[in-house]
Amino acid sequence: MVGGHGFDGVERRGLMFVLSSPSGAGKTTLSRLLIERVEGLSLSVSATTRPMRPGEVDGLDYAFVDKATFEAMVKRDELLEWATVFDNRYGTPRAPVEAALSAGRDVLFDIDWQGTQQLREKARADVVSVFILPPSAGDLEKRLHTRAQDSDDVIRGRMDRAAHELSHWAEYDYIVINQNVDEAFAEVRSILNAERLKRNRRTGLTAFVRELQRQLEK
Ligand code: 5GP
């Protein structure tokens, strides 16, 4: 994908930074912290057919759309990936991702394993994936209850699904256990920092090193 300038002024390819986890493992909090505290990172806002939860904002948390609108987006190939989760559709609008990457920004995705597989198939070299694990099953259940946004039935459904989602952990590049949010954040941030420094992403390095050599040889 297209390159932009890193913070050291050397051109680099933007990367697609994916966070996945069973719901309740704290991924949404980690995403929010990343967006607030890390320079050069944009959040990909997904489209979804699921109903809005209390406190959510249309266009910020998700673009909330009806089924027909979602189908039309799929037909027009406007989604980079899409999947059905808990009987609802979720997908990543392509245009904002491409715009951010071509402006030299990295893009953060809060998507499930199905979406991660699709992104990896499309852009393997640009995808860095992190799977967030809860420290225990009890902790996961507690967080789902504290969140109090869902009915008991929905929570039970999410617990059942968590076991299934967990089975995809080995498809991810990195695993972070979210025992403590500050530590988990520091770990996720260090993954992003290291991936930004990878040689093969730093497309401007050849020119930069050549210039260094030229100056040294003077
Ligand atoms: P929730 O309804 O709790 O916001 O999200 C349910 C699940 O859908 C989460 O695992 C979340 O990561 C996933 N999800 C959200 N947006 C997308 C998307 O655009 N694509 C895919 N594949 N999954 C998504």
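The values are calculated or read from the model by the stated rules, or taken from the named source; none is laboratory data. Note that the coordinates shown come from a computational prediction; the quantities given were computed from them, not determined experimentally. With ideal geometry, Cβ positions are generated from the backbone for all residues, glycine too; neighbour counts draw on all protein chains shown.
Among (1) closer than 21 Å to L33 by Cβ; (2) part of a helix (DSSP H, G or I); (3) under 16 Å from the mean Cα position of the chain (by Cα), there is one condition I175 misses while meeting the rest; what is its number?
Only one criterion in (1) closer than 21 Å to L33 by Cβ; (2) part of a helix (DSSP H, G or I); (3) under 16 Å from the mean Cα position of the chain (by Cα) is unmet by I175, namely (2).
In the stretch 174-194, which residues are without any contact (Cβ under 8 Å) to a residue 24 or more places away in the chain and aliphatic (A, V, I, L, M)?
A186, A194, listed by residue number.
Go through (1) surrounded by 23 or more Cβ atoms within 10 Å (Cβ to Cβ); (2) over 14 Å from the mean Cα position of the chain (by Cα) and name the single condition F131 misses.
(2)
Here are the criteria: (1) under 22 Å from L33 (Cβ atoms); (2) touching a Phe, Trp or Tyr at 6+ places or on another chain (Cβ under 6 Å); (3) not acidic (D, E). Tell me which single one P134 does not satisfy.
(2)
Here's a check for you: in the stretch 78-124, which residue that is of a type in the set (S, T, Y) and surrounded by fewer than 22 Cβ atoms within 10 Å (Cβ to Cβ) is farthest from V10 (Cα to Cα)? Before you say what the answer is, go through the steps one by one.
Kept after step one, since they are of a type in the set (S, T, Y), are these residues of the stretch 78-124: 84, 90, 92, 102, 116.
Narrowing further to those that are surrounded by fewer than 22 Cβ atoms within 10 Å (Cβ to Cβ): 84, 102.
Working: T84: 40, S102: 15 Å.
The qualifying residue farthest from V10 (Cα to Cα) is T84.
Can you find even one residue in the stretch 44-59 that is acidic (D, E) and at pLDDT below 95?
Yes, the stretch 44-59 has at least one match.
Quick one: in the stretch 84-123, of everything that is near the ligand (Cβ under 9 Å from one of its atoms), under 12 Å from V45 (Cα atoms) and not β-branched (V, I, T), which residue is nearest to the chain's Cα centre (by Cα)?
This residue is F109.
Kindly check whether there is at least one residue in the stretch 144-158 that is of a type in the set (A, V, I, L, M, F, W, C), within 11 Å of the ligand (Cβ to nearest atom) and surrounded by fewer than 15 Cβ atoms within 10 Å (Cβ to Cβ).
So far as the stretch 144-158 goes, yes, one or more of its residues are of a type in the set (A, V, I, L, M, F, W, C), within 11 Å of the ligand (Cβ to nearest atom) and surrounded by fewer than 15 Cβ atoms within 10 Å (Cβ to Cβ).
Here are some residues: E39, E81. Which one is in contact (Cβ under 8 Å) with a residue 12 or more places away in the chain, of a type outside the set (S, T, Y) and near the ligand (Cβ under 8 Å from one of its atoms)?
Numbers: E39 fails: near the ligand (Cβ under 8 Å from one of its atoms).
Among E39, E81, only E81 is in contact (Cβ under 8 Å) with a residue 12 or more places away in the chain, of a type outside the set (S, T, Y) and near the ligand (Cβ under 8 Å from one of its atoms).
Hey, could you check the stretch 56-77 for residues that are within 26 Å of R32 (Cα to Cα), of a type outside the set (V, I, T) and more than 12 Å from the ligand (Cβ to nearest atom) and say which is surrounded by the most Cβ atoms within 10 Å (Cβ to Cβ)?
Ranking the candidates gives D58 first.
Which count do you get for residues in the stretch 35-52 that are farther than 29 Å from N193 by Cβ and either surrounded by 13 or more Cβ atoms within 10 Å (Cβ to Cβ) or hydrophobic (A, V, I, L, M, F, W, C) (or both)? Spell out the reasoning first.
Start the filter on the stretch 35-52 by keeping residues that are farther than 29 Å from N193 by Cβ, which leaves 47-52.
Of the ones still in play, those that are also either surrounded by 13 or more Cβ atoms within 10 Å (Cβ to Cβ) or hydrophobic (A, V, I, L, M, F, W, C) (or both) are 47-50, 52.
Here the count works out to 5.
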